[in-house]
Amino acid sequence: MPARRRPDHNPGLPLAGPRAGPGTACHRAITLRRCVSFSLYARLARYGFRKHATYVAAALAGAFTNSVFGVLRASILIALWQARPGLAGYDVTAAVTFCFVTQAFIGPMQLLGGGLTLPERIRTGDIALDLVRPAPLQLWLLAEDLGRAAYQLLVRGLPPMLAGAAVFGITTPRDPERWLGVLACVTAGVVVSFAWRYLVCLSVCWLADDRGVMVCSMLLTTLLSGMMVPLTLFPGALGELVRALPWAAMAQAPADVYLGTASAGSALAFQAAWGAALLALGALATRAVRHRVVIQGG
Amino acid sequence: MIETERAGRSFKVRGAVVHAVRDLSFRIEPGEFVGCLGPNGAGKSTTIKMLCGILTPTSGRVRVAGLDPSRARTALARRIGVVFGQRTTLWWDLPLRDSFELVRLLYKVDRKLFAARLDELTEALDLGGFTRTPVRQLSLGQRMRGDLAAALLHDPEVLVLDEPTIGLDVVSKAGIRSFLLRVNAERGTTVLLTTHDLGDVERLCRRVLLIDHGRLAFDGSVGDLMATAPGTATIEEVVTRLYTRGRAAPPPVEPV
């Protein structure tokens with residue numbers, strides 16, 4: 001019987017034995033290295049970008065739809081703001097700008113839901129392969145989703161903005177710092193959106209069918225993210241509540257920074273808090289999945 | 001290398017407890033080539049999932065490469081390679097070699113050793129013609145070879161295969177089989193495979209485990225397996241006998 005070598009391609013690997021279990025020095029070293037393996041996640045983001053870049057026609061069709069609906073939405077908002085000038089602290093131009101900025105967010109932040117293949121993988125049992133990998137599932141998918149978002153920001157984000165600028169005229173931030181702030185807030189918004197969608201997807205493990213939760217999630221997100229109307233329109237305590245919920249971190253917060261009605265710092269703090277909370281919840285849910293779920297199929 | 005001790009796994013399905021695997025005890029030494037047989041629903045895949053750390057046993061103990069799979073899953077993943085014949089780890093929309101590159105980063109394999117290993121696998125599995133092809137355009141045989149390469153790039157000590165030859169034509173099957181024999185002989189990699197293809201068992205496995213109703217129903221060499229039935233029986237007949245013990249066997253189908 002051939003004797004087994006030490007895995008010499010990677011001297012860092014622990015040998016089997018009592019020193020290799022969790023909580024030991026070896027295990028901690030591995031966990032630490034796992035945290036700093038930035039190149040893996042950078043590569044995943046790149047693959048996420050390229051994977052979506054293979055479906056150019058779909059992205060362009062999405063961009064066209066987002067632009068057309070942007071024009072419709074803007075027309076309604078213009079009528080509203082002409083009847084009630086200064087409503088919610090916006091003038092007509094700000095309202096129109098808000099409309100097209102949030103239209104541009106639909107793709108990258110997947111405000112209509114979806115974007116993750118997880119429910120399909122759970123249903124078919126392919127999730128088993130994801131669970132074998134020595135990398136945290138949530139972080140893996142987040143990296144991939146950020147790549148997807150970057151692609152969709154370019155292909156589905158720019159056209160509605162250009163359409164808005166051409167048809168109605170929209171304002172743009174003048175100084176580069178504000179642009180940086182907008183970019184940071186958009187990224188944070190994608191993270192919050194991912195964390196929320198990840199939780200929605202994992203619910204399939206318990207429900208076996210995702211259509212119901214998907215519809216609920218879509219309703220909540222379209223209504224409460226600011227994609228339909230600015231959240232500043234909601235009156236009183238309801239408005240306070242709506243603006244403090246995680247969905248507000250997706251479209252409203254970055255749009256506010258774009259319009260200059262909120263500082264990038266406070267918006268980022270709000271987004272970071274929700275991002276951290278939802279990701280933590282996602283990590284807990286992933287652990288529960290590991291322990292509970294029946295992995296479907298042979 | 002692989003050891004289970006009265007391992008069991010039960011699931012709650014609508015309040016009722018279903019025992020997918022119970023009291024499973026076996027031991028596989030380093031360098032062995034073991035086939036795992038059993039009727040559909042016997043508990044083979046559940047066993048494999050416990051060995052990979054995807055499922056936690058509800059009773060008993062499982063050790064792979066000296067580690068408890070469910071607790072040291074990450075450490076274990078670096079030391080085992082897993083292929084599920086009906087699924088793929090490869091990136092559907094990207095060229096095959098991009099998936100390999102990800103494996104390198106995931107398992108932190110040194111660049112030089114990775115290149116050497118990839119060359120070796122490209123030659124052994126004849127991947128040369130399609131490493132730049134998006135995975136969705138590969139045939140099933142090509143994809144399976146790609147999946148095998150991806151599972152072996154980090155040079156694991158144990159290779160676990162769940163129906164690796166499912167759906168493949170005779171030529172592709174033969175290619176995969178001779179490759180697996182080579183991996184086992186040259187690198188001393190311990191191989192455990194589940195299959196419904198008795199040709200796999202006859203040509204590859206020195207030892208057979210037969211799981212039925214979640215229990216170990218047979219453990220021995222292919223010769224021992226054949227000896228469970230009267231002299232002239234083919235391996236198909238032998239296995240049918242074992243699968244249908246205590247049940248009525250389906251009537252034999254005569255060739256037309």
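Rule-based calculations on the coordinates, nothing more; no lab input. For clarity, every value in this text was computed on a predicted model and none was experimentally measured. Cβ coordinates were reconstructed from backbone atoms using ideal geometry, including for glycine residues, and neighbour counts include every protein chain displayed.
Can you give the extra length, in nm with one decimal, that the chain gains between A:V68 and A:L223 once fully stretched, where that is 0.36 nm per residue apart less the Cα-Cα distance? Don't skip to the end; give the middle numbers.
Details: separation 155, 0.36 × 155 = 55.80 nm, distance 1.94 nm.
Once the chain is fully extended between A:V68 and A:L223, it gains 53.9 nm.
By DSSP, the beta bridges lying fully in the protein assembly as shown are antiparallel in about 55 percent of cases.
Counting, for every residue in B:72-81, the Cβ atoms of other protein chains within 10 Å of its Cβ and taking the mean gives 6.
May I ask you to list, by number, the DSSP H helices of chain A whose Cα span along the axis is at least 18 Å and whose average Kyte-Doolittle hydropathy reaches 0.0 or more? Walk me through the numbers before you get to the answer.
Values: long enough: A:38-53 (22 Å, -0.36); A:56-83 (40 Å, 1.47); A:92-105 (20 Å, 1.66); A:137-152 (22 Å, 0.21); A:176-202 (39 Å, 1.26); A:211-224 (19 Å, 1.63); A:264-292 (40 Å, 0.76).
Sorted by number, the helices that extend far enough and score high enough are A:56-83, A:92-105, A:137-152, A:176-202, A:211-224, A:264-292.
Along its first, second and third principal axes, ordered by size, region B:8-108 spans 44, 33, 26 Å in Cα coordinates.
Between A:A272 and A:L158, what is the FRET efficiency for a Förster distance of 35 Å, r being their Cβ-Cβ separation, to the nearest 0.05? Each step should come with its number before you reach the end.
Working: r = 26 Å, r/R0 = 0.75.
The formula returns an efficiency of 0.85 here.
With each label modelled as a point 7 angstrom along the Cα→C-beta vector, the A:T117-B:Q137 pair spans 1.8 nm.
Rounded to two decimals, what ratio of Rg to Rh does the protein assembly as shown give with C-alpha atoms and a Kirkwood Rh? Show your work: numbers first, answer last.
On the way: Rg = 27.5 Å, Rh = 26.1 Å.
In the protein assembly as shown, Rg relative to Rh is 1.05.
Helix B:111-125 against the longest principal axis of chain B: what's the angle in degrees, Cα atoms only, rounded to the nearest 10? So the helix axis and the longest Cα principal axis differ by about 50 degrees. Using a simple spin-label model with pseudo-atoms 7 Å out from Cα toward Cβ, A:A79 and B:R6 lie 7.5 nm apart.
Could you list, in their original order, any pairs among B:K44/B:K108; B:K12/B:K44; A:K51/B:K44; B:K12/B:K49; A:K51/B:K173 whose Cα atoms are separated by more than 28 Å?
Details: B:K44/B:K108 31 Å; B:K12/B:K44 18 Å; A:K51/B:K44 34 Å; B:K12/B:K49 17 Å; A:K51/B:K173 31 Å.
From B:K44/B:K108; B:K12/B:K44; A:K51/B:K44; B:K12/B:K49; A:K51/B:K173, over 28 Å: B:K44/B:K108; A:K51/B:K44; A:K51/B:K173.
Each stretch of four or more DSSP H residues adds -39500 (n - 2.57); spread over every residue of chain A, this sum gives -21500 deg cm²/dmol at 222 nm.
Between helix B:170-187 and chain B there is an angle of about 80 degrees, using the helix long axis and the longest principal axis of the Cα atoms. Treating each Cα of chain A as one equal point scatterer and applying the Debye formula with no solvent, the log10 of I(q)/I(0) at q = 0.07, 0.08, 0.16 Å⁻¹ comes out as -0.32, -0.41, -1.32. Compared with the dominant Cα axis of chain B, that is its longest principal axis, helix B:140-152 is turned about 80°.
As an exercise, use a Förster radius of 30 Å and the Cβ-Cβ distance of B:E186 and B:S221 to find the FRET efficiency, rounded to the nearest 0.05.
With a Förster radius of 30 Å, E is 0.85.
So, by mean Cβ neighbours within 10 angstrom, what's the order for B:116-123, B:87-94 with the highest one leading? Don't skip to the answer; put the middle values down first.
Values: B:116-123: 16.0, B:87-94: 19.0.
Packing proxy ranking, top to bottom: B:87-94, B:116-123.
Return the calculated 222 nm mean residue ellipticity for chain B, to the nearest 500 deg cm²/dmol, obtained by summing -39500 (n - 2.57) across DSSP H runs with n ≥ 4 and dividing by the residue count.
Per the formula, -11000 deg cm²/dmol.
Counting, for every residue in B:51-60, the Cβ atoms of other protein chains within 10 Å of its Cβ and taking the mean gives 3.
Calculate, for A:T124 and A:H291, the FRET efficiency according to 1/(1 + (r/R0)^6) with r their C-beta to C-beta distance and R0 22 Å; round to the nearest 0.05. Numbers along the way, then the final one.
On the way: r = 21 Å, r/R0 = 0.94.
After rounding, the FRET efficiency stands at 0.60.
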